[in-house]
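Data block below; observations after.
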Amino acid sequence: MTIEKTLFAAADKMRGSMDPGEYKHVALGLLFLRYISIAFQRKYDELLPEGQEVAEDVDEYMAEGIFWVPEAARWRTLSAQSKDPKIGVKVDDAMRAIEAENDQLKGALPKVFGREALGSHVVTGLIDLFSNIEFEGTRKDFDLIGRIYEYFISEFASNEGKRGGDFHTPKPVVELIVDMIEPMKGRMYEPCCGSGSFMVHSERFLDHHAGRREDLAIYGQELNHTTYGLARMNLAIRGIVARIEWNDQGTLLRDAFPDEKFDFAMANPPFNISDWGGGILAEDRRWTFGTPPVGNANFAWMQHIYDKLGSTGIAGVVMANGSMSSMSGGEGDIRRAMVEGGAVDAMVALPGQLFYGTQIPACVWILAKDKSNGIAKDAKLRDRRGEVLFIDARKMGALVPGSRKQKELSQDEIARIANRYHAWRGEPDAGTYEDEPGFCKAASLEEITKHNFVLTPGRYVGAGAAEEDDEPFEEKFERLKAELRGQFAEGRRLEAEIEARLERLE
């Protein structure tokens, strides 16, 4: 078992009957405190030979992006007092002290540890548990604690079910969208950023492709204030600088970046929400392709995101499958206008069971502001006007080990989907694109019109080639017939046995 799983299992055991949604902030808050204390202590030990005054100089830490941790808030101080019945209050005070010293964390840290409902034994247990994480005192420490943090977020989302899924997009879906749209340089935007998973994986994408973090400016907005704090901690733990905004009205009603345009946008908006302010926004300028229905925000989200794109911008949006075929409330007309207006670059049908707590099948819309051009990894893309790429990935994915209901895409499957998209849009290092029956199809506007602008990939890719085998038909038919007769016989035997046992009971 990995260290992430071991730690989560131990931490979750302490939760008792506490709701995972509440406990999440307790465990993740302490894990964050542990992280910034490690980072602080490493720098402190490095400076100490130069004198106590230098080691206590706040500017030395700020210059390297390390959070200043006051003495009373340092992990070693709290750890030494972990058995104190007032440890919860002390942790709350530590969180306030850290926020007071670090402007970028103001309002982000949880202050829930001193509540009467939370027994001090839980706080004590978590402090002792996290104190046992062994570190090498190197950069690897931060990679490890980042991994642990991400695993905790994912597991809490899984435990919370649907509510948890609202703030967390499964990692394979995030990776798929990031890999498809390749955010290397420019400005990236996440309009409902949740825990910041798209931002974290965009930075990871840069690291894996020799990109530079300073070439990508990150912006985001979140409605839920608690999740907003979670996102800020999640980014801080990885040293990611981002501008994340919060207001209590949400992105559609009160856009935090009304005058900004972006090169990349990624989002997993809440599916099919009806209470989104549609009546108030009926005349909004963002509805280029038509006014979204008051009772469903799906096409409000997509048009908002499209509106935020710059002249060569590209976006990946997770949507409920209904968005590909619904005709209610004028959605069919909006979808047709988006296709005819060249806004839709590609559609991907995802396998079921990928999301936490919901079986709603989902898809990915890739939107592009101008399909006649665009740059990806410094290469000019081909003119794709009049075409849409359809990818049917419904047969992909496998159950997560140990789960009967949660699926995930493998790295090979993610790479296969992303590569087909890259090849189709003309990236030189992706090879030559060809339609693949049952999997991908570049459809013309005429073909899409014949399907009445329903964008379900299965309509376009057709059936895949049947699996071939070397068994002659006659032999195969006889074999299958014998197997079927055997199963009939077994069924009759079981029926007789059940009847006999029922008679003995009467």
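Results, tabulated for the structure shown:
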| item | result |
| --- | --- |
| Of residues in the range 401-413 being over 16 Å from V318 (Cβ atoms) and not acidic (D, E), the one most open to solvent (accessible area, probe 1.4 Å) | R404 |
| Search result, residues across the range 210-227 that are touching an Asp or Glu at 6+ places or on another chain (Cβ under 8 Å), open to solvent by 20 Å² or more (accessible area, probe 1.4 Å) and more than 25 Å from F152 (Cβ to Cβ) | Y219 |
| Of all residues in the range 256-310 being of a type in the set (S, T, Y) and under 26 Å from the mean Cα position of the chain (by Cα), the one that is modelled with the lowest pLDDT | S274 |
| Every residue from the range 1-13 that is open to solvent by 60 Å² or more (accessible area, probe 1.4 Å) and either aliphatic (A, V, I, L, M) or in a helix (DSSP H, G or I) (or both) | M1, I3, K5, T6, K13 |
| Residue match in the range 442-465 (condition: closer than 19 Å to E175 by Cβ, among the aliphatic types (A, V, I, L, M), at pLDDT 95 or above and surrounded by 12 or more Cβ atoms within 10 Å (Cβ to Cβ)) | no |
| Residue tally, condition under 14 Å from the mean Cα position of the chain (by Cα) and not in a helix (DSSP H, G or I), over the range 223-234 | 0 |
| Verdict on A210 being at pLDDT 85 or above and either part of a loop (DSSP other than H, G, I, E, B) or closer than 23 Å to L105 by Cβ (or both) | no |
| Answer from M199, M233 - the residue that is over 22 Å from G316 (Cα atoms), surrounded by 21 or more Cβ atoms within 10 Å (Cβ to Cβ) and at pLDDT 85 or above | M233 |
| Any hit, the range 290-303, residues being closer than 14 Å to L252 by Cβ and free of Cβ contacts under 8 Å to residues at least 12 places away in the same chain | no |
| Which listed residue is among the basic types (K, R), surrounded by fewer than 20 Cβ atoms within 10 Å (Cβ to Cβ) and over 13 Å from the mean Cα position of the chain (by Cα), from K171, K185 | K185 |
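So that you can scan it fast, the table gives a plain yes or no per residue for (1) under 21 Å from D345 (Cβ atoms); (2) touching a residue at least 40 places away in the same chain (Cβ under 8 Å); (3) in contact with a Cys (Cβ under 9 Å, 6 or more places away or on another chain):
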site	(1), (2), (3)
A231	no, no, yes
R243	no, no, no
A256	no, no, no
E260	no, yes, no
A267	yes, yes, yes
D284	no, no, no
V318	yes, yes, yes
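The values are calculated or read from the model by the stated rules, or taken from the named source; none is laboratory data. Just so it is clear, the structure is predicted and the values come from calculations on it, not from any experiment. In this analysis, Cβ positions are derived from the backbone assuming ideal geometry, glycine residues included, and neighbour counts consider all displayed protein chains. Protein only, heavy atoms only, side chains kept; ligands, DNA and RNA dropped before computing areas. Shrake-Rupley method; radii C 1.70, N 1.55, O 1.52, S 1.80 Å.
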